[in-house]
Amino acid sequence: MDLPTYLEITDENVQNIYQQELNQTLRNALSNNGWTVPQITHEQLTITPVYDENTQVTSTLASLMPNGSLWFVTNATPPCYVGKISDALVKFTTTAYP
């Protein structure tokens with residue numbers, strides 16, 4: 001989820017705005033009504049280099065994330081859910097609901 005970046009600012013108005021943005025982001029992505037799976041492209045998941053928590057370049061987002069991670073790949077044909085299991089990406093096939 002894209003959380004707003006926190007900056008150490010003493011301005012109370014800026015702190016209030018940050019808190020409102022953080023709360024809204026959390027409400028939109030996590031709630032007792034469900035949660036939102038991150039929507040990304042195939043390239044963002046498997047090709048685009050990313051930085052880890054130590055600011056070291058890792059090969060891809062897929063390699064950085066732990067087993068059990070889940071994404072919705074928007075530019076797959078058709079768009080699909082992809083997860084990481086045993087260090088490998090797997091595609092989840094679906095059928096119409098209900």
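At a glance:
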item	result
Any hit, the range 6-20, residues being touching a Phe, Trp or Tyr at 6+ places or on another chain (Cβ under 6 Å), of a type in the set (Phe, Trp, Tyr) and surrounded by 12 or more Cβ atoms within 10 Å (Cβ to Cβ)	no
Condition broken by Leu45, with the remaining ones in (1) surrounded by 14 or more Cβ atoms within 10 Å (Cβ to Cβ); (2) among the hydrophobic types (A, V, I, L, M, F, W, C); (3) modelled with pLDDT under 85 satisfied	(3)
Residue identified as at negative phi, surrounded by 10 or more Cβ atoms within 10 Å (Cβ to Cβ), touching a residue at least 40 places away in the same chain (Cβ under 8 Å) and of a type in the set (A, V, I, L, M) among Leu61, Leu89	Leu89
Hey, Leu61 of a type in the set (A, V, I, L, M, F, W, C) and touching a helix residue (DSSP H, G or I) at 6+ places or on another chain (Cβ under 7 Å) or not	yes
Test for Tyr51: is it in contact (Cβ under 8 Å) with a residue 40 or more places away in the chain and either in contact with a strand residue (DSSP E or B) (Cβ under 8 Å, 6 or more places away or on another chain) or surrounded by 10 or more Cβ atoms within 10 Å (Cβ to Cβ) (or both)	no
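The values are calculated or read from the model by the stated rules, or taken from the named source; none is laboratory data. Keep in mind it's a predicted model, so treat the numbers as computed, not measured. Every residue, glycine among them, receives a Cβ derived from its backbone with ideal geometry; neighbour counts consider all protein chains shown.
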